[in-house]
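The values are calculated or read from the model by the stated rules, or taken from the named source; none is laboratory data. Owing to the predicted nature of the structure, the values given are computational and were not obtained by experimental measurement. All Cβ positions, even for glycine, are placed from backbone atoms using ideal geometry, and neighbour counts span all protein chains on display. Note: accessible area is taken over every heavy atom of the protein model, side chains too, but ligands, DNA and RNA are not part of it. Shrake-Rupley method; radii C 1.70, N 1.55, O 1.52, S 1.80 Å.
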Amino acid sequence: MAGMNHVGTWPALGLGTWRMGENARTRRSEIAAVRLAIEIGYRLIDSAEMYGDGGAEEVVGAAVADALRAGDCRREDLVIVSKVLPSNASLHGVAAACQRSRARLGIDTIDLYLLHWPGSHPLHETLQGFEQLRAQRAIAQWGVSNFDLAAMKKLVALPDGGRCAANQVYYSLSQRGIDFDLKPWQQRRAMPLMAYCPIDQSALAGDARVAALAAPLGLTAAQLALAWTLRDGNIIAIPKAVREPHLRENLAAGSVTVAAATLAALDALFPPPRKAGPLAIT
Ligand SMILES: NC(=O)c1ccc[n+]([C@@H]2O[C@H](COP(=O)([O-])OP(=O)(O)OC[C@H]3O[C@@H](n4cnc5c(N)ncnc54)[C@H](OP(=O)(O)O)[C@@H]3O)[C@@H](O)[C@H]2O)c1
């Protein structure tokens, strides 16, 4: 297997953290899972102030601090992603939310800070807030999440809108509507697309038809589903896992290239969209 694919300087395979940090009883094992992820080579971690009401960011912060102390990686090798809630995305609200997230994550600079979904605060204000945070080095780059093509077009037309570094959306074999319009548009602009729920919250891992195509290749169904999301480049998949076999399997999928015949067989199972449709949201 070749090395991990990259999108610019970002690894194509990162770790999701939704559902972490919600429960004191599982916190220790979640920190251990994120810690193990870094140890085995994950370098991009996706979180949000919403997850566990800040708890997921605390889990990430504890694991990152421990990994840095142990010398498992350097801070500059990690890409830490977090998201501001739309209700906090006013000019001043975004600054306060970012400060809280940085404190929970235990880092000076959030590498990529996303607006979690479009909200009611004027977008130009949010962007102004993002740009101020960038000037202060509280964030390195900013982007959005759950923006469909129409929303992206409006965004890039705003002052500084062209600085949007990524859009994170639902994308998996079973939710591939963005193949019709948003994905090619972002590809043309070389704007990375982050695929969330890339194994459909584990459903694709249990899909016997995907497993049957994956097995002869020495892959699990989850690995084939992940490698499929990465097939055209410009995509970063962020599967969440806490179990060690899952963590290892998923990371390995970041260096798998899927042959044309397998892609065609997957197209037959999960037909590409023929017209524009609403953005899938979880
Ligand atoms: N921007 C947004 O609005 C948004 C929305 C949803 C998600 N996200 C981000 O995207 C990340 C991924 O999405 P998700 O967590 O909803 O779904 P997902 O990554 O598609 O699926 C996660 C589930 O699949 C299981 N799993 C992971 N690897 C597996 C494997 N190799 N074989 C079998 N099962 C496996 C996990 O189990 P274990 O944990 O038990 O190992 C977990 O139950 C989130 O964690 C979050 O960071 C963003």
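Label point 7 Å out from E22 along Cα-to-Cβ: which residues of region 60-85 have amide N under 17 Å? From region 60-85, the list is 60. For the chain, the relative contact order comes to 20 percent (Cα pairs under 8 Å, sequence separation of at least 6). Need one word for region 59-184: rounded, prolate or oblate. Basis is the Cα gyration tensor (sqrt eigenvalues a ≥ b ≥ c); a/c below 1.5 gives rounded, then a/b vs b/c decides. Judged from the Cα gyration tensor, region 59-184 comes out oblate (a/c at least 1.5, b/c at or above a/b). The longest stretch of the chain left intact once loop-based trypsin sites (Lys or Arg not before Pro) with at most 12 other Cβ atoms within 10 Å are removed from consideration, loops following DSSP, is 138-242.
Give me the percent of DSSP beta bridges within the chain that run antiparallel, rounded to the nearest 5.
10 percent
With the helix formula -39500 (n - 2.57) applied to DSSP H stretches of n ≥ 4, the chain reaches a computed 222 nm mean residue ellipticity of -12000 deg cm²/dmol.
Any idea of the accessible area per residue across the chain, 1.4 Å probe, to the nearest Å²?
Ligands and nucleic acids excluded, the result is 43 Å² per residue.
Could you tell me what percent of the accessible area of the chain is made up of carbon and sulfur, with a 1.4 Å probe and every protein chain present? Of the solvent-accessible surface of the chain, carbon and sulfur hold 52 percent. Length, then width, then depth: along the principal axes, the Cα atoms of the chain run 53, 45, 31 Å. Each semi-axis of the equivalent ellipsoid for region 157-270 is √(5λ) with λ an eigenvalue of the Cα gyration tensor; in descending order they amount to 26, 16, 12 Å. Each Lys or Arg adds one and each Asp or Glu subtracts one; over the other residues with Cβ under 13 Å from the Cβ of L279, this totals -1. Once the Cα-Cα distance is subtracted from the 0.36 nm per residue extended length, the E244 to I40 segment shows a gain of 72.4 nm. Placing R0 at 51 angstrom, the Cβ-Cβ distance between Q136 and T257 gives a FRET efficiency of 0.80 after rounding to 0.05.
In whole percents, the pair-distance distribution calculated for region 94-143 from its alpha-carbon pairs, binned every 5 Å from zero, is 5, 22, 35, 23, 12, 3.
Take the Cα of D267, step 7 Å toward its Cβ, do the same at Q201, and the gap between the two points is 3.0 nm. In this rough spin-label picture, where each label sits 7 Å from Cα along the Cβ direction, the A150-R74 distance is 4.7 nm. Kirkwood hydrodynamic radius of region 1-124, from the reciprocal of the average inverse Cα-Cα distance over all distinct pairs: 14.9 Å.
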